Amino acid sequence: MTGGLPNGPRGALPQTIRFARDPYGLFLDGKRRYGDPFTVPTLFGRWFVTGQPEGIRTIFGADPAGFGPSAAVPMQWYLGPGSIALLSGRRHLRERQLIMPAFHGTRMRAHTATIQRNTAQRAAQLRPGERITMVPFAKELSRRNVVRVLFGAQDQRRAALLADAVRDVVGAVTPLVAFVPLLRRDLFGLTPWRRIQRHLAAFDALVHAEIRARRSAGGPGDDVVSALLFARDDDGVGLSDRDVRDELVTFLSAGQEAASHLLAWTMYWIHADPDVHARVLAELEPLGREPDPEALVRLPFLSAVIDETLRIHPIGPSVERKLAQPLDVLGHHLPAGTVAVAATVLAHADPRTYPRPELFRPERFLERRFSAAEYLPFGGGVRRCPGSDFAVHETKITMGTLLAGHRFDLVDRPPVRPRRYTVTVGPAGGVRVVYRGPRGKRVAL
């Protein structure tokens, strides 16, 4: 062991604010200036940063009891103390075991037709020549899916109330509110705090009403709320109503943003590269204008496009573990209290793993498989995002449905810069496209 930490940039507050505003640049510039690994002092503690697979394997493979939750999400006030993102140790493992079946592939596939129907209905409302900003468009689609998948809402009035509550509570929290404690005060109405509290109270009231209804029904449905309420551990103990509420807020915040940003980035890259666009359309062509959604999920090149999109633009730029006990990583002895960071953006830009990493090249994912220490768009180890598979599943169906039946052109030309939204990273400007009309028809504009 070297007995010390590698050098890194100084100045806690500027680096923390930069992480909120420039989530990729902090890591890329740090490696360029100091090598890999390096350290960064932040408001969340001293970060030990690496993108090397050997270091990432050590961090992900460490005893879960030896580290706490993600240090870069100081959002207990919003997510709640029962959020899986904020738990550690045995309680985290227990709740993860209870939660994962709710996102099992079989359960998610039960909603495949709903996702496609929501996409087709919304696309049918578009008019040729209409300009669309993909992030809000995708968030609208995601809310429709969430209301059905999470809450099982069929009644239109109830679904509309839930969709509005989801929109308000997720949209109210900004990166600065999340990262700057001073803004989490009601300063004579000059901060968004009062509005955030109002939206949270309205959302909580609806969620607890849904929970009471499920408890009264006495049996699980096919929605996530039911799955969470009736899940039991080995001792026959389930989640409390408050725990279920906290997990739902976590899924909504991270899940809706992840799905909408992934869809927007995927639309951008498909249309930014004519060869990729042509190959995606050629793969979709045999499926017709209204493809079987299960066939969309199995398309190899579309899957590779989404994988490459997540490589270049991971939803989270890093995975943080706050050490509760010392850990040796890459020859450095990290004391308790250090935040060990697996830098996703560095791992995904490593030319040893990804030759010419600056190129968008989906074929990488058809030519070989990458380890969990080389490709980690949703984190890794025991804290990997529980809803990651659903976000990718939803994107395949939504993107495949849109492109099989409709034509779009990109308004925003490369490069589109990433920016932090709340807890995830998405495209600045939202990715603007113009709708050209149904595929197979030529419309005079």
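The values are calculated or read from the model by the stated rules, or taken from the named source; none is laboratory data. Worth saying up front: this structure is predicted, and the values here are computed from it rather than measured. Backbone-built Cβ (ideal geometry, glycine too); neighbour counts: all protein chains shown.
Remark: residue 18 falls outside the filter, which requires a residue to be at pLDDT 75 or above and of a type in the set (D, E, K, R). Annotation: residue 214 fulfils all but one of (1) among the charged types (D, E, K, R); (2) in contact with a Phe, Trp or Tyr (Cβ under 9 Å, 6 or more places away or on another chain); (3) not in a helix (DSSP H, G or I); the unmet one is (3). Restricting attention to region 234-243, which residues are touching a residue at least 60 places away in the same chain (Cβ under 8 Å) and assigned to a helix (DSSP H, G or I)? Correct list: 242, 243. Only one of the numbered conditions (1) on the phi > 0 side of the Ramachandran plot; (2) in contact (Cβ under 8 Å) with a residue 24 or more places away in the chain is not met by residue 356, and that is (2). The condition (being in a loop (DSSP other than H, G, I, E, B) and more than 17 Å from residue 407 (Cβ to Cβ)) is satisfied by just one residue among 231, 227, 254: 231. When residue 347 is tested against (1) more than 25 Å from residue 428 (Cβ to Cβ); (2) in contact with an Asp or Glu (Cβ under 7 Å, 6 or more places away or on another chain), just one condition goes unmet, and that condition is (1).
Restricted to region 34-56, and to residues that are in contact (Cβ under 8 Å) with a residue 60 or more places away in the chain and part of a helix (DSSP H, G or I), which residue is surrounded by the fewest Cβ atoms within 10 Å (Cβ to Cβ)? That would be 54. Looking only at residues in region 57-79 that are at pLDDT 80 or above and assigned to a loop (DSSP other than H, G, I, E, B), the one that is surrounded by the most Cβ atoms within 10 Å (Cβ to Cβ) is 62. Candidates are the residues of region 159-175 that are farther than 18 Å from residue 246 by Cα and surrounded by 17 or more Cβ atoms within 10 Å (Cβ to Cβ); the one that is modelled with the highest pLDDT is 159. Among the residues of this structure, residue 189 does not count as one that is at pLDDT below 80, part of a loop (DSSP other than H, G, I, E, B) and under 24 Å from residue 161 (Cα atoms). Looking at region 344-445, the helices (runs of 4 or more DSSP H) lying wholly inside it that each contain 2 or more residues that are surrounded by fewer than 20 Cβ atoms within 10 Å (Cβ to Cβ) sit at 364-367, 388-405. The conditions of being charged (D, E, K, R) and assigned to a helix (DSSP H, G or I) are met by residue 90.
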